[in-house]
Amino acid sequence: METYMKMFKEPTSRLYVNHNALLDLVSMNDKVIIFRHINPDPDALGSQNALAIILRQIFPNKIIECAGNTPDNLKWMDNLRKEAYKHYPTRRKRASDQLIDDSRTIGIVLDTANLDRIDGDYEGLHEMHKLFKIDHHPVKHGYNLDYCNVFIETNASSTSEMIARMFDDVVKESEDRELLALLYAGIAGDTGRFMYDNTTNITFDTVGRLLGRFSSGSRHYVNMKLGSINEYQANLMGYAYDRRYYLNDNVVSLVVPYSQIRGGHEADAYVTIGALQRLEKPEIAVVAVENEDGSYRIHLRSKFKPINELAAKYNGGGHPLAAGAKAKDRDEVAKLFHELAEEW
Ligand SMILES: [Mn+2]
């Protein structure tokens with residue numbers, strides 16, 4: 001721990017400091033669990049799986065685990081990691097796994113604003129102050145005390161962009177199509193394939209480095225995966241444009257009942273917020289998607305005024321202009337909609 005605290009005194013770039021701090025922390029432990037947020041998106045899975053490949057490559061003697069459940073439509077991202085692992089066989093014998101306890105384990109939390117959004121058992125590691133966080137979501141200062149160290153860059157387009165830059169030395173040498181594809185998918189996902197305002201010169205610089213080593217076939221594969229929609233999603237987009245409802249001139253809303261998902265997956269419904277967000281006039285788009293148990297998942301998008309504080313009030317959070325929340329029932333959805341209509 002001492003060596004890693006010393007790193008912070010070196011007069012050098014934050015990126016380099018955090019890169020070293022993380023590697024030091026990993027080297028002092030036997031096992032690393034990489035966490036990301038619930039209901040993962042391509043950035044969460046891209047950064048998680050890419051970091052797992054990178055650490056497996058650097059530390060073949062350590063156990064590297066990825067926590068969390070992945071929805072079927074994004075399983076291809078976990079599969080890319082499993083493919084890449086074949087190039088980096090672990091030197092760890094299975095039997096010795098059992099000797100590892102939490103005291104020799106650290107957790108790295110990626111792309112997750114709040115602790116309670118972590119997908120997996122992080123509590124033990126949290127109590128021992130063994131969580132390291134890498135993220136691009138802005139959070140209130142006190143939240144960082146939950147971690148032994150944090151690396152937050154709110155200007156980064158995505159956590160995948162941060163990982164690509166942090167491990168530039170590995171990435172620029174890498175011939176792994178899986179690693180490059182995961183990082184590219186994460187960045188493309190969070191930037192709406194480079195259309196959103198979070199896309200910066202640094203984003204293009206990072207992607208440029210990836211694409212330089214990336215076959216057009218791999219790029220086509222990722223673009224197809226991210227850019228195409230399934231039949232359920234096509235139905236849901238039609239439903240979104242059909243049933244959109246203006247709470248006032250500035251706020252467009254939609255409620256998607258569970259029955260509308262009709263055989264698809266709840267995660268398919270994120271396309272509805274993408275659809276409403278594209279409307280020229282309203283400043284705010286809000287979608288409430290009903291879960292099987294009658295609770296709702298809320299998606300919020302704003303063009304200018306931050307909505308993440310409002311999301312936090314409803315058990316959520318996220319970026320100033322793109323956030324998520326939860327409502328326990330239809331009444332709570334109505335309450336949130338009412339609050340939006342009043343404020344905007
Ligand atoms: Mn992200």
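Okay, here's what the table says:
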item	result
Those residues of segment 320-344 whose amide nitrogen sits under 19 Å from the label point placed on Y246, 7 Å along Cα→Cβ	337-344
Sequence ranges 156-168, 51-63, ranked by mean other-Cβ count within 10 angstrom, highest first	156-168, 51-63
Residue-normalised accessible area of the chain, expressed per residue, 1.4 Å probe, Å²	48
Mean-position separation - Cα centroids, segment 286-344 and segment 163-188, in angstrom	33
Rg(Cα)/(2.2 N^0.38 Å) for the chain, N = residue count	1.01
Length gained when the stretch K75-A234 is fully extended (0.36 nm per residue, less Cα-Cα span)	55.2 nm
Helix 201-211 vs. the chain, principal-axis angle (Cα, 0 to 90°, nearest 10)	60
Nearest 10 degrees, 0 to 90: helix 231-243 Cα axis against the chain principal axis	40
In Å, descending, principal axis extents of the Cα set of segment 231-343	35, 30, 22
Segment 110-125 versus segment 15-91: alpha-carbon centroid distance in Å	15
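The values are calculated or read from the model by the stated rules, or taken from the named source; none is laboratory data. These figures come from a predicted structure and were not determined experimentally. So basically every Cβ, Gly included, is an ideal-geometry build from the backbone, and we count neighbours across all protein chains shown. For accessibility, only protein heavy atoms count, side chains too; no ligands or nucleic acids. Shrake-Rupley method; radii C 1.70, N 1.55, O 1.52, S 1.80 Å.
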